[in-house]
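Student: Take this structure, written in structure tokens, and hold onto it; I'll ask about it next.
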Amino acid sequence: MKTNLLNFDLPALTEHFAQMGEKPFRAKQVMRWIHQGGAQSFEQMTDLAKSLRAKLQTQATVGIPELLAAQESKDGTRKWLLDVGTGNGVETVFIPESERGTLCISSQVGCALECTFCSTGRQGFNRNLSTAEIIGQLWWANKALGVTPKNERVISNVVMMGMGEPLANYDNVINALSIMLDDHGYGLSRRRVTVSTSGMVPQMDKLKEDMPVALAVSLHASNDKVRDQLIPLNKKYPLKELMAACNRYLTKAPRDFVTFEYVMLDGVNDKPEHAYELLDLVKDTPCKFNLIPFNPFPHSGYQRSSNHNINVFKDILMQADIVTTVRKTRGEDIDAACGQLAGQVKDKTKRQEKWQKISLEKQI
Ligand code: SAH
Ligand code: SF4
């Protein structure tokens with residue numbers, strides 16, 4: 001079995017080369033070829049000795065996931081579907097804005113956490129993505145998008161907000177983050193790489209020590225009763241523990257605030273009383289809010305809040321001096337909006353059957 005070098009961050013690649021009897025700077029060279037030069041074969045790495053290239057060819061690969069489809073939305077949003085084997089695919093989305101270009105990356109095939117308003121959660125879980133499959137998404141998008149006329153990378157920001165719960169695939173995500181941040185990899189700053197979590201408290205504490213990038217937390221509710229319904233994980237790590245973990249994270253975070261994501265579900269969590277309850281909940285936690293109008297999917301059982309309700313909610317937070325943005329829905333025409341990323345998941349948990357049964361029962 002050949003070793004896939006795409007799974008290695010710089011320390012691991014350096015170690016691998018040491019075992020081959022090669023100097024550490026070789027690892028840096030190869031890293032740059034793969035991630036900055038977009039090289040897929042060792043032949044392309046012309047500043048490596050011929051003998052080393054030949055050795056690598058027999059022992060290693062640059063195993064980039066295969067590209068199955070690429071789409072572009074009317075609004076410039078782009079989407080790639082990558083093959084991750086055995087009938088599974090994952091999606092990656094690029095969202096261009098005037099000041100930045102953000103790539104939204106997936107971390108798992110499906111998700112095991114069963115949030116009730118999320119189509120990924122409803123589809124079930126197949127498996128974790130490898131480091132190569134996570135960083136492969138950035139590799140393809142970077143290759144497609146390249147640099148601006150000013151020679152700056154078009155992808156300035158990465159958010160782990162695609163399919164899956166990144167902190168449930170901790171080790172592979174950490175390795176991928178390490179490659180994103182490395183000067184010999186993609187050279188992104190810690191402030192411009194965001195991990196979004198539904199609230200895995202122990203892993204948040206670990207991330208703070210291992211790779212403190214910007215943090216987004218899917219809050220979605222102002223009390224445990226509502227959050228328990230939306231995010232089953234809340235029963236394990238309720239709001240009090242989650243807020244304490246956010247405060248601990250802030251001691252090491254590259255930004256001096258946590259971003260709270262809050263999906264706006266009509267009649268569920270979008271009333272003024274919820275907004276006031278939130279103010280109390282976050283009073284000791286420097287934060288910004290990103291309100292996400294719910295993106296519907298078949299048989300979800302939820303509806304998007306009205307624009308009026310979203311604006312009233314936003315104003316209550318803003319009046320308390322909390323910076324609050326409403327996420328614009330982008331790329332809807334290519335199903336690239338939040339919670340619409342489906343990919344192709346061969347569900348191992350039989351959850352799709354469960355939900356189909358529930359929605360059938362509802363229809364009857
Ligand atoms: N698992 C992680 C990251 C992926 S989801 C997390 O839950 O944070 C990225 C964001 O999209 C999360 O805030 C998630 O709650 C939200 N989301 C999921 N389904 C959605 C939907 N149908 N409409 C709007 N936002 C949704
Ligand atoms: Fe998983 Fe996040 Fe969807 Fe919840 S919202 S099911 S954690 S991807």
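Student: Looking only at segment 245-278, count every residue that is open to solvent by 40 Å² or more (accessible area, probe 1.4 Å) and over 25 Å from the mean Cα position of the chain (by Cα) and tell me the total.
Tutor: The number of residues fulfilling the criteria is 7.
Student: Sticking with this structure for a sec: Considering only residues of segment 149-194 that are open to solvent by less than 10 Å² (accessible area, probe 1.4 Å) and of a type in the set (Val, Ile, Thr), which is nearest to ligand 2 (Cβ to nearest atom)?
Tutor: Here the answer is 173.
Student: Related question: Find all pairs meeting these conditions: Cβ atoms under 9 angstrom apart; at least six residues apart or on different chains; first residue within segment 227-241 and assigned by TED's automatic domain parsing to the domain that holds residue 274 and farther than 18 Å from residue 277 by Cβ; second residue within 13 Å of ligand 2 (Cβ to nearest atom) and among the hydroxyl-bearing types (Ser, Thr, Tyr).
Tutor: 232/116; 233/198
Student: State yes or no: is residue 234 not in a helix (DSSP H, G or I) and not aliphatic (A, V, I, L, M)?
Tutor: Values: not in a helix (DSSP H, G or I): no; not aliphatic (A, V, I, L, M): yes.
The answer is no for residue 234.
Student: For segment 289-320, which residues satisfy the criterion of being charged (D, E, K, R) and surrounded by fewer than 17 Cβ atoms within 10 Å (Cβ to Cβ)? Lay out the reasoning, then the answer.
Tutor: Residues of segment 289-320 that are charged (D, E, K, R), as a first pass: 304, 314-315.
Result: 315, single match.
Student: Taking only pairs six or more apart or across chains, which ones have beta-carbon atoms under 8 Å, a first residue in segment 164-179 that is in contact (Cβ under 8 Å) with a residue 12 or more places away in the chain, and a second residue that is of a type in the set (Lys, Arg) and part of a helix (DSSP H, G or I)?
Tutor: Between residues of segment 164-179 that are in contact (Cβ under 8 Å) with a residue 12 or more places away in the chain and residues that are of a type in the set (Lys, Arg) and part of a helix (DSSP H, G or I), the close pairs are 170/206.
Student: I need a count of the residues in segment 116-125 that are over 16 Å from the mean Cα position of the chain (by Cα) and within 6 Å of ligand 1 (Cβ to nearest atom).
Tutor: Result for segment 116-125: 1.
Student: Against the conditions (1) closer than 28 Å to residue 97 by Cβ; (2) among the acidic types (Asp, Glu); (3) at pLDDT 90 or above, where does residue 284 fall short? Just the number, please.
Tutor: The one condition residue 284 does not meet is (1).
Student: Next up: Within segment 221-244, restricting attention to residues that are away from ligand 2 (no atom under 16 Å from the Cβ) and among the charged types (D, E, K, R), which residue is least open to solvent (accessible area, probe 1.4 Å)?
Tutor: 224
Student: Still on this structure, please answer the following. Strands (runs of 3 or more DSSP E) wholly in segment 147-221 with at least 2 residues that are of a type in the set (Gly, Ala, Ser) and under 28 Å from residue 114 (Cβ atoms) - which ones?
Tutor: Once the strands (runs of 3 or more DSSP E) in segment 147-221 are filtered for at least 2 residues that are of a type in the set (Gly, Ala, Ser) and under 28 Å from residue 114 (Cβ atoms), what remains is 214-218.
Student: Among the residues of segment 191-204, which ones are closer than 13 Å to residue 217 by Cα and either within 14 Å of the chain's Cα centre (by Cα) or in contact (Cβ under 8 Å) with a residue 40 or more places away in the chain (or both)?
Tutor: Residues satisfying the conditions are 194, 195, 196, 197, 198, 199, 201, 204.
Student: In segment 45-80, what count of residues is obtained for those that are more than 17 Å from residue 1 (Cβ to Cβ) and open to solvent by 30 Å² or more (accessible area, probe 1.4 Å)?
Tutor: So the answer is 17.
Student: Would you call residue 110 within 11 Å of ligand 2 (Cβ to nearest atom), assigned by TED's automatic domain parsing to the domain that holds residue 91 and within 17 Å of residue 218 (Cβ to Cβ)?
Tutor: yes
Student: So, in segment 92-114, how many residues would count as being open to solvent by 20 Å² or more (accessible area, probe 1.4 Å) and within 16 Å of ligand 1 (Cβ to nearest atom)?
Tutor: Of the residues in segment 92-114, the ones open to solvent by 20 Å² or more (accessible area, probe 1.4 Å) are 95-100, 112-114.
This time we only want the ones that are within 16 Å of ligand 1 (Cβ to nearest atom), so: 95, 112-114.
Total satisfying the criteria: 4.
Student: Go through the residues of segment 294-305 one by one and say whether even a single one is at pLDDT 95 or above, more than 18 Å from residue 231 (Cα to Cα) and not β-branched (Val, Ile, Thr).
Tutor: Scanning segment 294-305 turns up at least one residue that is at pLDDT 95 or above, more than 18 Å from residue 231 (Cα to Cα) and not β-branched (Val, Ile, Thr).
The values are calculated or read from the model by the stated rules, or taken from the named source; none is laboratory data. In this text the structure is predicted, and so the values were computed from the model without any measurement. A quick note on method: Cβ atoms are made from the backbone with ideal geometry, for glycine too, and the neighbour counts reach across all protein chains shown. What goes into the accessible areas is simple: the full protein's heavy atoms, side chains included, and nothing from ligands, DNA or RNA. Shrake-Rupley method; radii C 1.70, N 1.55, O 1.52, S 1.80 Å.
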